[in-house]
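In what follows, a single structure is set out as structure tokens and then discussed.
Each value in this text was obtained by applying a stated rule to the coordinates, not by laboratory testing. Just so you know, these numbers come straight off a predicted model, no measurement behind them. Cβ: placed from backbone, ideal geometry, glycine included. Neighbour counts: every protein chain shown.
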Amino acid sequence: MSERFSDKVIYQIYPKSFCDSNGDGIGDIKGITSKLDYLKDLGVDYLWLTPFFVSPQRDNGYDIADYRNIEPMFGTMEDLEELINESDARGLGLMLDMVFNHTSTEHEWFKRALAGDTTYQDYYIFKDGEPDTPPTNWKSKFGGSAWEYVPTLKKWYLHLFDVTQADLNWENPMVRSELKSVIKFWKQKGIKGFRFDVVNLISKPDKFEDDHEGDGRRFYTDGRHVHEFLKELVADTGIDEMITVGEMSSTTLEHCIRYSSPKEKELSMCFSFHHLKVDYGHGDKWELAQPDYMKLKQIFTKWQEGMLLGGGWNALFWCNHDQPRIVSRLGDDRRYWKESATMLATCIHLMRGTPYIYQGEELGMTNANYDDISQYRDVESLNYYKILTREGKSEREALDILAARSRDNSRTPMQWNDDIVHGAGFTEGTPWIPIPGHKPEANVEAELQDSDSVLQYYRKLVSFRKQYPVIAEGDIQFLYGGISEVLVYVRTNGNDKMVVICNLIGKAVSLPCKLDESKSELMLHNMGFPVNRRDGILELKPFEAIVYRLV
Ligand code: TEU
Ligand code: CA
């Protein structure tokens, strides 16, 4: 049985925004190497780096033109080898991001396809057709049609993301074999694990038909051959003992159990996103709504208890390079910044699964608070700004939506010190994307010195996972299902029990609590005053998080 990686913690680095070593305003590989001691000290085990391969950067590297070489702005192969060696020396493993659902249209394969080479046309999904009638009515995830017409070929090609990201044809064994050799190449360089981008979208249907109920996703999500393809990829590259995580878009619990059950020999764990849609109005990312806490609790309960029963494994996360900052989203980054950042961290880190920390999350970094369209960089944000204003929203309304939902919220430079007018320690030049002026105190230098900082709290959570087997190995059960404001769960490992109590909201909550005082030991608390517990009632302060060990 392959290892669970249950006591490991993964740190996600977005190289462009992490640390710039040469003053061009763009983070790079040497910058990462210079910060390895900081990461080691945080206690994490693996570093997942988002793509730094050759790419025209239309989607910040998720549009790959060459899987085996490094985009010059990020450095050279020697820089990467140095990073691998220096990471190894510190016991940190590198995980690379494999974007195998699509390539950039600048990739050699696609260029050959465009030049008329039918062998390479079969690497992608081309369909004959007339210029006015796309093969189906499917929508791209970044807005607009999922098809683009190539007049010289009189064919359409499929792109589920940007028009410069053409979907690969996994039905073609040559494509699968090319991708396997990419994995072997990086494995042999000393890479310790992989993250697979939107990997549950790789298997497209036999017939392409219009979707009269939605944007087409029901035809290609967790598609007909996806498990087969993954099993083959894993077996033929020998990565079943390595740490792997699949990004699963709009997936189901049943499929994720299969993707991540050790006996299936597919992946170690899955990212799913249902818990990050509880503030979407009518399921639409671009419609603002208040978070539905009841729904959030139900989703955690379903996925945590369901994966336990089914033998699968969750990746635990609030933040990544596509998500707004959680402290601004479910917390309160003005009145209760530290309290809400630490409560949210407690809630996710002590569940059953493998936790991920996205750069800056451990500092309580906030959303960007941009208020001008010129500050945005992300292709999705720029597309949707046009779509929203075209649909009749005012510029102000569209900007308010972007301020809450843009992926650029997470892509602002890592704050190494509080000198935000001079690059915040991220760069000595002009950063490629503006540094927000909102929260200069969320920075590494200050938080290393402060024993009560968000950063120190994260360090504690990471070390607890290694110290208490109940966190890594225990079962999980949720309590108080009927009370929307609090999330409470119990972890059990033999006689070892731990109770996690989180007040999710910015108001006081009274919780009836039957815990026996003499048998419960306070293990962790995110506030500087005593827990208020008397006469069977726990008086929770806004965003309070309390963890008891039952002895
Ligand atoms: O993201 C997949 C994805 O569907 C979403 O995270 C998406 O960005 C968001 O829901 C749109 O609202 C992955 C990568 O993480 C992302 O950065 C890439 O842009 C995308 O795939 C394409 O490679
Ligand atoms: Ca640089």
- Query: Using Cα atoms only, what is the angle between the long axis of helix 395-405 and the major principal axis of the chain, expressed in degrees (0 to 90) to the nearest 10?
  - Reply: 70 degrees
- Note on the structure: Karplus-derived 3J(HN,Hα) from phi for the stretch 354-367 (6.51 cos²θ - 1.76 cosθ + 1.60, θ = phi - 60°), whole Hz, x at Gly and Pro, runs 10, x, 10, 10, 8, 2, x, 4, 5, 9, x, 4, 10, 4
- Can you list the residues, at least 5 places off or on another chain, whose amide H is less than 5 Å from the amide H of Asn532, using H built in the peptide plane? Glu539
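Would you please give the FRET efficiency between Asp284 and Asp371, computed as 1/(1 + (r/R0)^6) with r the Cβ-Cβ distance and R0 = 22 Å, to the nearest 0.05? Don't skip to the end; give the middle numbers.
Working: r = 23 Å, r/R0 = 1.02.
It comes out at approximately 0.45.
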- Query: Taking the simple approach of a point 7 Å from Cα along Cα-to-Cβ for both Tyr480 and Glu209, what is their distance in nm?
  - Reply: 4.8 nm
- Message: Can you compute the FRET efficiency between Glu86 and Val531 using 1/(1 + (r/R0)^6), with r the Cβ-Cβ distance and R0 = 51 Å? Round to the nearest 0.05.
- Response: 0.75
- Item | Among 91-102, 124-135, 507-518, 426-437, the order from most to least packed when residues are scored by Cβ within 10 Å on average | 91-102, 426-437, 124-135, 507-518
- Spacing of the two label points (7 Å from each Cα toward its C-beta) at Lys189 and Asn495, in nm: 5.1 nm
- Taking the mean number of other Cβ atoms within 10 Å as a proxy for protection, how do you rank 375-388, 160-173, 481-494 from highest to lowest? 160-173, 375-388, 481-494
- Rounded, prolate or oblate: which one fits the stretch 385-484, using the alpha carbon gyration tensor with axes a ≥ b ≥ c (rounded when a/c is under 1.5, else prolate when a/b beats b/c, else oblate)? oblate
- Summing -39500 (n - 2.57) over every DSSP H run of at least 4 in the chain, dividing by its residue total and rounding to the nearest 500, the 222 nm mean residue ellipticity is -8500 deg cm²/dmol
- Item | Formal net charge of residues neighbouring Ala424 (Cβ-Cβ distance under 10 Å; K, R +1; D, E -1) | -3
- Can you give me the Cα centroid spacing of the stretch 13-45 and the stretch 107-158 in angstrom? 38 Å
- Note on the structure: Rounded to the nearest 10 degrees, the helix 337-349 long axis (Cα) sits at an angle to the longest Cα principal axis of the chain of 70 degrees
- Message: Between helix 173-188 and the chain, what is the angle of the helix's C-alpha long axis to the longest principal axis, kept within 0 to 90° and rounded to the nearest 10?
- Response: 50 degrees
- Task: Could you check what % of the DSSP bridge pairs in the chain are antiparallel, to the nearest 5?
- Result: 65 percent
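With r as the distance between the Cβ atoms of Arg390 and Asn69 and R0 = 45 Å, compute the FRET efficiency 1/(1 + (r/R0)^6) and round to 0.05. Don't jump to the answer; show the numbers that get you there.
Numbers: r = 39 Å, r/R0 = 0.86.
So the FRET efficiency works out to roughly 0.70.
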- Note on the structure: One finds the C-alpha centres of the stretch 337-365 and the stretch 366-397 to be spaced, in Å, by 27 Å
- Query: Hey, rough spin-label estimate for Asn137 and Glu171, points 7 angstrom out along Cα→Cβ, what's it come to in nanometres?
  - Reply: 2.3 nm
- Return the whole-Å distance between the Cα centroid of the stretch 456-483 and the Cα centroid of the stretch 233-268. 24 Å
- Which parts of the stretch 514-551 would a label at Lys460 reach, counting a residue when its backbone N lies under 13 Å from a point 7 Å out along Cα-to-Cβ? 522-531, 545-548
